[in-house]
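Written below as C-alpha cells is the structure these notes are about.
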Amino acid sequence: MKVTSNGIQLYVKDQGSGTPALVFLHYWGGSSRTWDDVVAALPAEYRTVVPDLRGWGDSDAPASGYALADFADDAQGLIAALEIQQYVLVGHSMGGKIAQSLASRRPRGLIGLALVAPSPPVPLALPPEVREAMLGAYDSRESVGMAIDQMLSAKTLSAKHREQVIGDSLGGARQAKMAWPTSTSLEDITGVVGSIDVPVIVIAGELDRIDSVATLEAELLTRIPHATLRVVPGTGHLSPLESPVDVASMIHEFVVTLPD
C-alpha cells in the first residue's frame, strides 16, 4: 500500500498486529523486499512495517531530499501515519545510519534499535577510486553483478536473490543512486548518536567487506557504548539475504529482552 509521509508517497508492507512493531529500513540499492526472508523467519505475532525508501522500489523519487534527515523524517512520518505506538527500528547499511539519525531524536514510542551491518555514524572513508566505482555500481547488470561478487556478498546468493538485488539496484532513481556515495554517506552524525537512549544491538557479518566487524567496533560501538554486538558467521554485507534466519533470530532474541 501507499502511505503519505513528509510530502511524498511511500510504498510499505504492513503485516501483523503485535506490539512492539518492527520498522525496517533497507540498504542503498535495496527495497522493502530485501527484508522478506527475515520477516518470514520471525514469529508470526510481530507487526512488521517495511517501506521502500524514497527513490527506491515503488516509493516516490523526488528530485532532491536524500539527506539522512530527509529519510529520518520519512520514517518518522510513516510511523505517525500508521499510528504505531511502540516500535523497534531495524536498519541495514544505509538504513542503519538513517535509523541512528532517527533514534538520536529520541522519538516517542521507540523502545529499541537493531542495526544490521550498519553504516557507522562517521563519514564513509573510501579511496577516491572506490568512491568513483560506487557512482557506476548500479548502472548495468554487469556492474551490479560485480558489486555483489566483489563487495556485497560473502555467500553465493540464490538465483532468485541475485536477480532481486540486480533488479532493485537498477530500478532505483538516478538521484537516489548518486546521493549516497556523493553526500549522504559523508554526513557526520557522531555528535548526536550518543544521545540514543534505548537498547541497541549491532548485527555484523563476520566476512563483511563494507562495514566490517573491526570498523563497527571502532567507529560505532565507541560512540553508542551501551550497544551490544552479535556476529553472523560466514556472512557478508547482505546478511538479510545471505543469513536471514540468523538475522531474524538475533532480532527476536533482542526484542524479547526489551522492557514493556
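The values are calculated or read from the model by the stated rules, or taken from the named source; none is laboratory data. Every value quoted in this text rests on a predicted model; they were computed, and no experiment measured them. Using ideal geometry, Cβ is built from the backbone for each residue, glycine included, and neighbour counts are taken over all protein chains shown.
Things worth noting here:
- Set GLY91, GLY95: member being in contact with a Phe, Trp or Tyr (Cβ under 9 Å, 6 or more places away or on another chain) and not in a helix (DSSP H, G or I): GLY91
- ALA125 vs. criteria assigned to a helix (DSSP H, G or I) and of a type in the set (A, V, I, L, M, F, W, C): no
- Residue among ILE166, ILE196, ILE210 that is buried (at least 16 other Cβ atoms within 10 Å of the Cβ), within 25 Å of GLY57 (Cβ to Cβ) and at pLDDT 95 or above: ILE166
- Some residue of region 244-253 being modelled with pLDDT of 95 or more and either under 23 Å from LEU68 (Cα atoms) or aromatic (Phe, Trp, Tyr) (or both): no
- Residue match in region 39-46 (condition: touching a Leu at 6+ places or on another chain (Cβ under 7 Å), farther than 15 Å from ALA75 by Cβ and touching a residue at least 24 places away in the same chain (Cβ under 8 Å)): yes
- ARG131 surrounded by 13 or more Cβ atoms within 10 Å (Cβ to Cβ) and in a helix (DSSP H, G or I): yes
- Filter result (within 17 Å of TYR66 (Cα to Cα) and hydrophobic (A, V, I, L, M, F, W, C)) within region 82-115: MET94, ILE98, ALA99, LEU102
- Some residue of region 155-163 being part of a helix (DSSP H, G or I) and in contact (Cβ under 8 Å) with a residue 40 or more places away in the chain: yes
- Residue list for region 213-260, restricted to those being more than 29 Å from PRO181 (Cβ to Cβ), buried (at least 16 other Cβ atoms within 10 Å of the Cβ) and hydrophobic (A, V, I, L, M, F, W, C): ALA248, PHE254, VAL255
- Criterion: over 17 Å from SER119 (Cα atoms) and not in a helix (DSSP H, G or I) - qualifying residue of ASP197, ASP188: ASP197
- Index of the failed condition, SER31 passing every other in (1) closer than 16 Å to VAL116 by Cα; (2) polar (S, T, N, Q); (3) surrounded by fewer than 21 Cβ atoms within 10 Å (Cβ to Cβ): (3)
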